[in-house]
Number of protein chains: 2
Amino acid sequence: MNKYLFEINDFSTGNDDLMLHETLFHNANGYLGVRSNYEEGYPEGYNSIRGTYINGFYDFAEMKQAEKLYGFVEEKQTMVNIVDTQGIKLIVDGEEFSMFQGTVLKSSRTLDMRKGITKRTILWRSPNNREIEIVITRMASFTMLPLFTIDYKVTAKNFSGEVKFLSTHIGNVQNYFNPDDPRVAAESFQHVHVEKTGAQDGVSFISSKTSKSNLSVWSVVKNELSKEGEVQQRVHSHSIDCEISTTIAQDETVSLYKYTIVCDSIRYEDGREHALELMNEATAKTLAGLYEEQEEFLTRYWENASVDVDGDDDLSMAIYYNLYQLLQSVGKDRFSNVAAKGLSGEGYEGHYFWDTEMYIQPFFLLTQPDIVKNLIEYRYNILDFAREHAKIMGHTKGALYPWRTIMGKECSGYYPSGSAQYHINGDIAYSVINYYLVMKDLDFIADKGAEIIFETARLWLDAGHFHEGKFMIHNVTGPDEYTCVVNNNYYTNTLAQHNLKWAVKFYELLESKNMTSVVEKIKLDHEEIETFKLAAEQMYLPYNKELDINPQDDSFLTKKVWDFENTPKDKYPLLLHYHPLHLYRHQVCKQADTVLAHFILEDAQSLSTIENSFAYYEKITTHDSSLSTCIYSIVASKLKQYDKAYEYFGESAKLDLFNTHKNTKDGIHTANMGGNYMAIVYGFGGLRIKEDGLHFAPALPKKWTGYNFKVRFEDSVILIKVEGDNCTFSLQNGSEKSIHVYGKTYELKDSLVIPLEEKSHA
Amino acid sequence: MNKYLFEINDFSTGNDDLMLHETLFHNANGYLGVRSNYEEGYPEGYNSIRGTYINGFYDFAEMKQAEKLYGFVEEKQTMVNIVDTQGIKLIVDGEEFSMFQGTVLKSSRTLDMRKGITKRTILWRSPNNREIEIVITRMASFTMLPLFTIDYKVTAKNFSGEVKFLSTHIGNVQNYFNPDDPRVAAESFQHVHVEKTGAQDGVSFISSKTSKSNLSVWSVVKNELSKEGEVQQRVHSHSIDCEISTTIAQDETVSLYKYTIVCDSIRYEDGREHALELMNEATAKTLAGLYEEQEEFLTRYWENASVDVDGDDDLSMAIYYNLYQLLQSVGKDRFSNVAAKGLSGEGYEGHYFWDTEMYIQPFFLLTQPDIVKNLIEYRYNILDFAREHAKIMGHTKGALYPWRTIMGKECSGYYPSGSAQYHINGDIAYSVINYYLVMKDLDFIADKGAEIIFETARLWLDAGHFHEGKFMIHNVTGPDEYTCVVNNNYYTNTLAQHNLKWAVKFYELLESKNMTSVVEKIKLDHEEIETFKLAAEQMYLPYNKELDINPQDDSFLTKKVWDFENTPKDKYPLLLHYHPLHLYRHQVCKQADTVLAHFILEDAQSLSTIENSFAYYEKITTHDSSLSTCIYSIVASKLKQYDKAYEYFGESAKLDLFNTHKNTKDGIHTANMGGNYMAIVYGFGGLRIKEDGLHFAPALPKKWTGYNFKVRFEDSVILIKVEGDNCTFSLQNGSEKSIHVYGKTYELKDSLVIPLEEKSHA
């Protein structure tokens, strides 16, 4: 089995399958994303989310509030469908190819994660019995981010005749909308307007502008035929058609190579010229050359990123699929981040959430920390918007990061499960701290990281208050969106404490090294630092002695427990069937909340409290969020409840590939994919990043014969291989390191073999 | 001074004054309301809210939610501007009268609350020096509710010539909108569409239909001239003009009598025919006859409703004004209630809130209980909608009244200060109980009242739960809209307890009298009653021993106190300048909450707790709501803090007449007007309605030499007269009663003179 190869038979003509496959086989590279729509389109009456997106490229859209209260967000950003260059119709001897006419004899789709391409392979018999084989290869280039290619090969199986391609380049595209689904746009709105179309030397171009955000995007398309043919280009006001005809002999293969370059005005000052230059560069390399570059890039990627599981092929594939999607989704510059659905669809409108910091960054931090540096730079870039947002929310000091955003302004329409999630401040701070712990890059902290840490720390001081010797944070929402606007959410308070502690640490560290320009810049004084220290020390963390658990918030345990017994299965996810006020009134969790806090800051509580809390919350958590089962898996591992850990892990691994949440059509669940990685590395591997270095507590799930993964730490790469009764740690490169396994410290010089703890074997 | 006469000079040509006077001098009768717009209109560029409304007549309007969550209201009702029959232009010898041209030599507006009419009196010199006196009398008839009349008299002062009236009847009217003000509609939308216009025998008519609610309204207009003249009627597709010309001699007075009848399809099956019949009836009576009927009606009204204060003329006027507006606003049938702004404007879109039960009914209950019976019948009529609403909010049993509505469906766009105000259930139950205590009308209880009580009681059981031997109600909002969605709001819990107690009492009472059809109808069983009893007994009422106060809710006292010192005056009302989440995070109250509970259910706590609570909440209450100062006045009276009581009372009395909240242009504040009555009768008079009868504890404010009012109780009317050192209780009619004064019981046969308690003299 080739675990880099994901393949399905594709005779799907149902709406749901079509849209699901559009997502699953999309091509993206962190900058550009193209859904896997059929080049030839679908017949009338079929739903399709046909889209091409640029990460971080947005338009503003009105967000009407039923009642306008002060500070309510009335304008959101939305990821824009920018252009459609997917269109290729094929006509053989006057018969147009369609999956919905004639006979589809064979049809498959493939994603090759080693080569970085997708393929459609079809054997089709036309109504008049012409048989053709079609192989369509697509690629979003990792080495030339603005490039997307389609390589359309036709082979005549039982005839000779004429073959004609009708290749389109369309500018007046719209975003998908569905008035019945709160998770996608409710109204049709033209976000991009074509300003200019043209064609020159066989290359067509379109300049478009967004409606309200004043951003431009330039797309350039070139069609090349593998043999001589007749070309007719027609330039319309919003599109360009290119008709290419030639002859085809029996058993001959004719190919159309379609190159698309897309540049936006966020990154490129002279985008049109740049796009044309890149087009020349790309076509000069030829597709073969570009494929080679792509494969080289991915070979380097997998070198560190691979997580190999022996003994479960399906799962192994799912893990590779997830890690590949993370690479496709993650922004590669300071203008972008990771959208909830990556670049695979329009769900959540391309917004960035806390998902990046808490679910996705851990993977990149341990494999490609430069990407994390970019992601933090993005947060640094939007710090001024966070300061402004804090003011709107009533604060006189500090910065409050937007709960959901593209360019930095808050886009939450419903603040109780939006802006009220102040923990996003702590999440971002946590990620900066972790980056520092892994890379020890104090220059970056002095330059950018510390400013984030200090401004978020200030916000806690302003939002919270001292009450009877405790520092309390009122009226915020934790991760669990079924319990909103509460006092002293345990997760929020622990993260705030961590944030405040590290604000003090970084302050002292920078002061000791005379790297205090940020301190002066933001006028941070010693007195403020003293208050940070005090607030951290006196931080109130809810604890119930009788149950030996951390209540999720001050009043959580006094609520009525949700009546799970009398809740039919078709009422899940609960948010689609119950009024939020009703949900909030009960003990019921959408997702890991306190349990997440117990994972990321495990030293804040005793093991018994963590264990009891896990048992308590497990009973009342629905996992209606895709951010939940991975965390439950990790904590189950920590508690040596390996069967449970494995079960949660499996649910998480297959979420998109098996469409278990029934909404993968709107896009992949990137956070779950990152979480799934964590369930292996942090869960079964027991990895933790702490001030004294890396900790491990490996266990081997029963169903596996072994597994291995690599992590980067400081200047080194370590391979962790669990097999049989042992775990082997091998230093791949870099200097020797102290590592901690099952709580004991070892010096890792070359390699170390440590027997698995008996009990940890699942 | 005639305290029935409110008069102002009216040289106002500023926008704000114009709109304010449109409200202050509006004519209404509980069914029909007409804002006091200038008949001749305003020049281009002036804002005006030109409207005619029917109480309870609505259209549906879309209410977009920024994020759609389950159960969020997406369609509201809105009170509709139905027709414009106010228009009369006056042309003398070719010169058109306008307040904005020529010279206004004298101008005044008058409201005569004894006669039930308003008047504009103008002495005007035209640009060409013609002087005319204009007297325009308007009336919304209390004896023929669909009737509105304008009596337009012109006297030529220094010339003879031609006089021409252009009287209009316009169907295509719109509601006022202002995209910047959350309290009125944000978008222009045509709610009524003219279906037919016509004219016959000097009578014009328009049939209109609403856009979405499928309701019809018929308007009929007749113009009569006091002398012979030439009449030209022009029927257009959406309006009818009537031009009437005649001659006028110097010192001659010519009058135009314009009758409007408006009937709607909610009350009238054959509204058009009915309107025509009523028009005949009205014109047959002539204006003189109608004025006489109106005055007779009002004489009877004031007979019981009068509250006389000696020693403060301004205040005396303000009180009369308020009581008159209550009569103008209150619905007189089971299809309507009292809108927050009565029929005087479009603020809050004509919605009915808890204001009716808690602020307005007490006045009518003590003076005209039949009106209260109607208001309760309205609530009974919408009980099925309340049951449906309960289901939407997640409840399996009971009824939850909508927080704001016209026809019964919830119209809250923002549930934290809308649907979450479950106390509306308790408020309605409280009003039913009070009606029973005053009228002892068990038939009505058996027929309708008990069903309300039982269904609201059921809701408490479903919304709350028993926790450690206490009955708790989580996640609701009390009256204070600066503290939303809390656990165990003291006000809510006390009212729920009252509701549950009385559910048990009524059950037992009805059972003992074999009046159990309602019990069978709604399948109430004995076990449920036992649970009501237990929940009432174990109802958790927050109490803080240290402070000896009732905390507003479970977490109120742990919040940070609002920084009043550093809040500039221009930041009030706070809701217009701070995000709700920020407000909710602090100890700051928009209005009386626990203090209101201490007024209405004073026996639930000791006097010291009430006193300490008053002091505590007073410091943190902004009175940004118009429902607050009257309650503070009452409780200050109870605590014998008479100076304070008087100050709060004064603020409340003059709110609209002096436009102290700066928004009277959108309509009067009916709840405050009712509250102002209560501040006298419940406050200074110390009246309470209890199971053992009426209680009084009269005091005389320093600034007054005396005051008196009447109350109806069971079959009797009692006059309470406070003067000098005594309070005299006189039985006006009906059987003798036990009354309680300063805690002692007296038999009131004829009259009783009781010395004012020394300390109570303010």
Practice problem: Run the accessible area of chain A with a 1.4 Å probe and give the carbon-and-sulfur part as a rounded percent. | Solution: 46 percent
Quiz item: Given labels modelled 7 Å from the Cα in the Cβ direction, how far is it in nm from A:ASP447 to A:SER245?
Solution: 5.9 nm
Quiz item: Where the label is 7 Å out from Cα toward Cβ, how close does B:TYR70 come to the same position in every other copy, in nm, shortest first?
Solution: 3.4
Self-check item: Theoretical FRET efficiency, 1/(1+(r/R0)^6), r = Cβ-Cβ of A:LEU607 and A:GLU647, R0 25 Å, to 0.05
Solution: 0.70
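What are the trypsin sites (Lys or Arg not before Pro) within the range B:723-756 that DSSP puts in a loop, where the Cβ has at most 11 other Cβ atoms within 10 Å? Let's see the in-between values first.
Numbers: sites: B:LYS737, B:LYS744, B:LYS749; in loops: B:LYS749.
When the trypsin sites (Lys or Arg not before Pro) of the range B:723-756 are filtered for loop state and at most 11 Cβ neighbours within 10 Å, B:LYS749 remain.
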Quiz item: Between B:LYS397 and A:TYR572, how many nm apart are label points set 7 Å from Cα along the C-beta direction?
Solution: 2.8 nm
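Skip the ligands, DNA and RNA, and give the accessible area per residue of chain A with a 1.4 Å probe, whole Å². Each step should come with its number before you reach the end.
On the way: 26060 Å² over 762 residues.
For chain A, the per-residue accessible area is 34 Å².
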Quiz item: Roughly how tilted is helix A:642-653, in degrees to the nearest 10 and between 0 and 90, from the longest Cα axis of chain A?
Solution: 40 degrees
Quiz item: When each copy gets a label point 7 Å from Cα toward the beta-carbon at B:SER608, what are the spacings between them in nm, shortest first?
Solution: 4.2
Quiz item: Which lysines, on any chain, are close to B:LYS744 with Cα under 19 Å apart, when same-chain ones fewer than 8 places away are left out?
Solution: B:LYS638, B:LYS640, B:LYS690, B:LYS721, B:LYS759
Quiz prompt | Rounded to the nearest 10 Å², the accessible area of A:ASP312 at probe 1.4 Å | solution = 30 Å²
Quiz prompt | Cα-Cα over 24 Å, subset of A:LYS64/B:LYS391; B:LYS569/B:LYS662; A:LYS559/A:LYS654; A:LYS501/A:LYS523 | solution = A:LYS64/B:LYS391; A:LYS559/A:LYS654
Exercise. Whole Å is fine, so just give me how far the alpha carbon centre of the range B:547-591 lies from that of the range B:464-488.
Key: 18 Å
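Heavy atoms only, 1.4 Å probe, whole protein assembly: order A:ASP548, A:ASP313, B:ASP666 by accessible area, highest first. Intermediate results must be reported in sequence, preceding the final value.
Working: A:ASP548 25, A:ASP313 90, B:ASP666 5 Å².
Largest accessible area first, the list is A:ASP313, A:ASP548, B:ASP666.
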Practice problem: Give a quick list of GluC sites (Glu not before Pro) in the range A:679-762 that DSSP marks as loop, anything other than H, G, I, E or B, with at most 10 other Cβ atoms within 10 Å. | Solution: A:GLU691
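Computed over the Cα atoms of the range B:685-762, what is the ratio Rg over Rh, Rh following Kirkwood? Before the final figure, lay out each step's value.
Numbers: Rg = 11.8 Å, Rh = 12.5 Å.
So for the range B:685-762, dividing Rg by the Kirkwood Rh gives 0.95.
Tell me which GluC sites (Glu not before Pro) from the range B:538-645 have a DSSP coil assignment and no more than 11 other beta carbons within 10 Å of their own. Kindly include the intermediate steps, with their values, before the conclusion.
Working: sites: B:GLU546, B:GLU565, B:GLU602, B:GLU611, B:GLU618; in loops: B:GLU546, B:GLU565.
The qualifying sites are B:GLU546, B:GLU565.
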Exercise. Would you tell me the accessible area of A:LEU576, worked out with a 1.4 angstrom probe on the heavy atoms of the protein chains, in Å² to the nearest 10?
Key: 70 Å²
Quiz item: Quick one: how many Å² of B:VAL80 are accessible to a 1.4 Å probe, rounded to 10?
Solution: 0 Å²
Quiz item: So what's the angle, to the nearest 10 degrees on a 0 to 90 scale, between helix B:15-24 and the longest Cα principal axis of chain B?
Solution: 70 degrees
Quiz item: How much length is gained if the chain between A:GLU757 and A:SER735 is pulled fully straight, taking 0.36 nm per residue apart and subtracting their Cα-Cα distance, in nm to one decimal?
Solution: 5.2 nm
Quiz prompt | Label distances, nm, A:GLY724 versus same residue in remaining copies, Cβ-directed 7 Å point | solution = 11.4
Quiz item: How far is it, in nm, from the label point at A:GLN538 to the one at B:ASN128 when both lie 7 Å from their Cα along the line to the Cβ?
Solution: 8.3 nm
Practice problem: Please give the helix A:313-329 orientation as an angle from the longest Cα principal axis of chain A, in degrees from 0 to 90, rounded to the nearest 10. | Solution: 90 degrees
Practice problem: Using protein chains only (no ligands, no nucleic acids) and a 1.4 Å probe, work out which residues of the range B:581-595 have their accessible area cut by at least 30 Å² relative to the chain alone. | Solution: B:LEU581, B:HIS582, B:ARG585
Quiz item: Taking only C-alpha pairs under 8 Å that are 6+ residues apart, what is the relative contact order of chain A in percent?
Solution: 11 percent
Quiz item: Put +1 on the Cβ of every Lys and Arg and -1 on every Asp and Glu Cβ in chain B; which of B:ASN425, B:GLN174, B:HIS191 then has its Cα farthest towards the positive end of the dipole?
Solution: B:ASN425
Quiz item: Can you name the chain B residue with its Cβ nearest the rotation axis from B to A, and give the distance in Å as a whole number?
Solution: B:LYS64, 2
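The values are calculated or read from the model by the stated rules, or taken from the named source; none is laboratory data. Because the structure is predicted, anything quoted here is derived from the model rather than measured. All Cβ positions, glycine included, derive from the backbone under ideal geometry; neighbour counts span all protein chains shown. To get the accessible areas, we keep the full protein, side chains included, count just its heavy atoms, and leave off ligands, DNA and RNA. Shrake-Rupley method; radii C 1.70, N 1.55, O 1.52, S 1.80 Å.
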